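Student: Have a look at this one before I ask anything.
Here, each number is a calculation from the coordinates, and none is a lab measurement. All figures in this text were calculated on a predicted structure; none of them were measured in a lab. When we count neighbours, we look across all protein chains shown, and the Cβ atoms used for this are built from the backbone with ideal geometry, even at glycine.
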Amino acid sequence: MEEFKFKDAVIRLKKGDITLEETEAIVNAANASLTGGGGVDGAIHRAAGPTLLGECLEITKKIGSLPTGKAVITGGGNLRARYVIHTVGPVWGSGKEEKKLRSSYRESLNAAAEKKIRSISFPSISTGAYRYPARKASRVAADEVLKFLEENSSLREVNFVLFTRDVYECYLNAFKKAMDERNNL
């Protein structure tokens, strides 16, 4: 595990299973239908139980499918986290991927701020089934989180729970570089 202090917050990077996080909110790299599926999305739905799916179906009944780059919030069901923030990341090769991924992080962080959430845990959005290169995705994540923390003081803890060692290393390098750049301004 690696830890960085930035403004009034702590950023932690760790290898692990996001469904086991003890935090106020976890972020789900969801599909547009919000009904679960493979990867982290399926794991979160399985761990949270049927109440999560019920809340997601209520949302999609109102708004239809969730557009890429947007985020919605539900309860956490059987998870240790009180909330799940669902965001749809871009599929690599779909066009304007970086802009969409930035929006996924920003919208998730804004949803947390609206609920006055103080601790949040992210997976690596879009790097699994959606094939976004982890090295590129980690730079976007680091940049968006640090930008948000520069402008907002609501969050005190931002965690990245990364499933593989390779992805962990990408995020570690991206955060070290982004922190160095900000410290040298």
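Student: Rounded to the nearest 500, what is the 222 nm mean residue ellipticity of the chain from helices alone, with -39500 (n - 2.57) per DSSP H run of 4+ residues and division by all residues?
Tutor: It lands at -14000 deg cm²/dmol.
Student: Which value in nm describes the separation of the simple spin-label points at THR35 and LYS61, placed 7 Å from the Cα toward the beta carbon?
Tutor: Label-label distance for THR35 and LYS61, simple model: 1.5 nm.
Student: Among residues other than ARG102 whose Cβ falls under 13 Å from its Cβ, what is the net charge (Lys/Arg +1, Asp/Glu -1)?
Tutor: Here the charged neighbours net out to +3.
Student: A further question follows. Once you put a point 7 Å from the Cα of ALA129 and another 7 Å from the Cα of ASP180, both along the Cβ direction, what distance in nm separates them?
Tutor: That separation, rounded to one decimal, is 3.6 nm.
Student: Further question on the same structure: Would you mind calculating the relative contact order of the range 91-137 from Cα pairs under 8 angstrom and at least 6 residues apart, reporting the percent as a whole number?
Tutor: It comes to 50 percent, rounded to a whole number.
Student: Here's another thing I want to ask about it. Using a 10 Å cut-off on Cβ atoms, rank the peptides 104-113, 22-31 from the highest mean neighbour count down.
Tutor: Packing proxy ranking, top to bottom: 22-31, 104-113.
Student: Taking H placed 1.01 Å from N in the peptide plane, check which residues at least 5 places from ASN31 or on another chain put their amide H under 5 Å from its amide H.
Tutor: The answer is GLY36.
Student: Let me check against my output: what whole-number percent is the relative contact order of the range 51-156, with C-alpha pairs under 8 Å and at least 6 apart?
Tutor: 24
Student: Separate question: How big is D, in µm² s⁻¹, for the range 87-137 by Stokes-Einstein at 20 °C and 1.002 mPa s if Rh is the Kirkwood radius over C-alpha pairs?
Tutor: For the chosen part, D equals 186 µm²/s.
Student: Looking at ALA111, PRO123, PRO90, which one has the Cα that reaches farthest to the positive end of the dipole of the range 90-130 (charges on Cβ: Lys, Arg +1; Asp, Glu -1)?
Tutor: ALA111
Student: Still on this structure: Quick one: 3J(HN,Hα) in Hz for the range 129-134, Karplus 6.51/-1.76/1.60 with θ = phi - 60°, rounded, Gly and Pro as x.
Tutor: So the Karplus estimates, Gly and Pro as x, are 4, 8, 6, 5, x, 4 Hz.
Student: Turning to a different aspect of this structure: Which label belongs to the value computed from this structure, given these candidates for mean projected area of the Cα convex hull in nm²: (1) 10.5; (2) 13.8; (3) 9.4?
Tutor: Recomputing mean projected area of the Cα convex hull in nm² here gives the entry labelled (3).
Student: Whole-Hz ³J(HN,Hα) for each residue in the range 179-184, computed from phi via Karplus 6.51 cos²θ - 1.76 cosθ + 1.60 with θ = phi - 60°, x for glycine and proline: what do you get?
Tutor: 5, 4, 4, 6, 6, 9
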